[in-house]
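The values are calculated or read from the model by the stated rules, or taken from the named source; none is laboratory data. Since the structure is predicted, the reported quantities are computational estimates derived from the model, not experimental observations. Ideal geometry is used to build each Cβ from the backbone, glycine not excepted, and the neighbour counts take in all protein chains shown.
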Amino acid sequence: AKSFDFGAYHTLDEIYSWMDSLVAGHPRLVTKVPIGYSYEKRPMYALKFSTGGSKRPAIWIDAGIHAREWVSPATAVWTANKIAADYGHDASVTSLLDSMDIYLLIVTNPDGYVFTHTNFQNRMWRKTRSVIPGSTCRGVDPNRNWDAGFGGPGASGDPCSESYHGPRAESEVEVRNVVELIKSQGNFKSFISIHSYSQLLMYPYGYKCADAADSVELDSVAQSAARALSSVYGTSYRVGSICKIIYQASGGSIDWSYNYGIKYSFAFELRDTGRYGFLLPANQIVPTATETWQALKHIMEYVRTHSF
Amino acid sequence: AKLFAGDQVLRINAESEEHIHLLQALEKQESIELDFWLSPVSSDLPIDVRVPFASLPAVKVFLESNNIPHYVMIKDVQELLEEERANMKASRLRESR
């Protein structure tokens, strides 16, 4: 575990093996929760950070739903280590974990992630790897597959499109696994999804351009989080609803979580340096994760103090 | 393995709604197999598009003839991928030591 290089990109096997070492190093804090299997039967694990009790109020964080966004799982690995290392040392993390649990899904789209790594078959792959009956094209955009305005504007019905929404909501087992975990745990207060790139911190809605009922509060939390992030390296984030700051996109995860009743739903688009897009050099992982941590911590602290 | 030799990523800075409409129309042309990393939505936001080597001349002519400002963000995607692969190999070696 000590030799693991957080400033490097890693394969799925390496990440899973590192997760085992993190659990072994923090047995009373971290567990590896199996949440199901991917389309190609790869196991999916969420890391659960908990100091005890079952079904406590919890925060969900996922990364890597789009396979080619490598800096997102890399940031999640760093973040997992940070949470474990800071518990008992950092007042904010300690106080958070004394009353809430954190679930962190480092690789939300394992098949796609492996596909981008295996002999670089297609480093630019974004979707899942499911077979679409009647089409020669494979895969569904898992962030258009949630049951939130499914099949509406900003998602494609063409299986060959990068934003294909799939045959029906939750057709993708990777999405279904998360939905089932969230529903069975039943006490999530926040849902945070990590993407890259373009420096955005967003809240619902994406499938419609109407304001969410809590948009004023969500905007204020996100603005403060973006300021905290910016304080590290000066990285500038745009903040707003998905529809208003990028484009209308239906079937997205944080719209589903918000409609499900998880008020503090946010999506990050991590940074690029303006030169690399999805090919952000590995030496940018730790700076990206470090600045993102400030925003995550801000959101989590806010959730803790406003959820009870 | 899918290779990206000679593919470039262009950063396009649309200056008007007309530019956005033109780029949205370009996005719909499947034959040139463009991969929009950042879609054309507003003239306030940059647009990044990976252009396969074979489509580069046509896309550049399209941008130039419509006076749409752009520059090459990644000169050769495959070159960058090979660098990435070498970095991963080196880090794996370090870790195994």
key: Hits in the stretch B:20-31 - residues which are more than 25 Å from A:GLY274 (Cβ to Cβ) and of a type outside the set (S, T, N, Q)   = B:HIS21, B:ALA25, B:LYS28, B:GLU30
ask   = Given the structure, is A:GLY277 within 14 Å of chain B (Cβ to nearest Cβ) and buried (at least 17 other Cβ atoms within 10 Å of the Cβ)?
value = yes
ask   = Quick one: in the stretch A:16-36, which of the residues that are of a type in the set (A, V, I, L, M, F, W, C) and in a strand (DSSP E or B) is farthest from A:LYS48 (Cα to Cα)?
value = A:ILE35
ask   = Where residues in the stretch A:126-166 are outside any loop (DSSP other than H, G, I, E, B) and surrounded by 16 or more Cβ atoms within 10 Å (Cβ to Cβ), which of them is farthest from the other protein chains (Cβ to nearest Cβ)?
value = A:PRO142
request  = Among residues belonging to the stretch A:86-115 that are crowded, with 23+ Cβ neighbours inside 10 Å and polar (S, T, N, Q), point out the one that is nearest to the other protein chains (Cβ to nearest Cβ).
outcome  = A:ASN109
task = State whether the residues of the stretch A:20-30 include one that is out of contact with any His (no Cβ under 6 Å at 6 or more places or on another chain), of a type in the set (Asp, Glu) and closer than 20 Å to A:ASN109 by Cβ.
result = no
message = Can you find a residue that is away from chain B (no Cβ under 14 Å), surrounded by 23 or more Cβ atoms within 10 Å (Cβ to Cβ) and among the aromatic types (Phe, Trp, Tyr) anywhere in the stretch A:258-265?
response = yes
remark   = Expected single match for of a type outside the set (Phe, Trp, Tyr) and not in a strand (DSSP E or B) among B:ARG50, B:ARG85, B:ARG11 is B:ARG85
request  = State the number of residues belonging to the stretch A:29-52 that are over 29 Å from B:GLU84 (Cα atoms) and touching a residue at least 24 places away in the same chain (Cβ under 8 Å).
outcome  = 9
query = Does B:ASP48 satisfy being modelled with pLDDT of 95 or more and facing chain A (nearest Cβ under 7 Å)?
reply = yes
key: Those residues of the stretch A:167-197 which are assigned to a loop (DSSP other than H, G, I, E, B), touching a residue at least 60 places away in the same chain (Cβ under 8 Å) and more than 23 Å from A:MET300 (Cβ to Cβ), in sequence order   = A:ALA169, A:GLU172
request  = Mind listing whichever residues of the stretch B:53-77 are over 12 Å from the mean Cα position of the chain (by Cα), assigned to a helix (DSSP H, G or I) and touching a residue at least 24 places away in the same chain (Cβ under 8 Å)?
outcome  = B:ALA58, B:PHE62, B:LEU63
inquiry  = All but one of (1) surrounded by 15 or more Cβ atoms within 10 Å (Cβ to Cβ); (2) more than 9 Å from chain A (Cβ to nearest Cβ); (3) more than 21 Å from A:GLN199 (Cα to Cα); (4) of a type outside the set (D, E, K, R) hold for B:PHE4; state the number of the condition that does not hold.
reply    = (2)
Answer from A:ILE35, A:ILE83 - the residue that is more than 14 Å from chain B (Cβ to nearest Cβ), under 16 Å from the mean Cα position of the chain (by Cα), surrounded by 23 or more Cβ atoms within 10 Å (Cβ to Cβ) and hydrophobic (A, V, I, L, M, F, W, C) = A:ILE83
ask   = Out of the stretch A:112-155, which residues are among the aromatic types (Phe, Trp, Tyr) and over 19 Å from A:TRP256 (Cα atoms)?
value = A:TYR113, A:PHE115, A:PHE120, A:TRP125
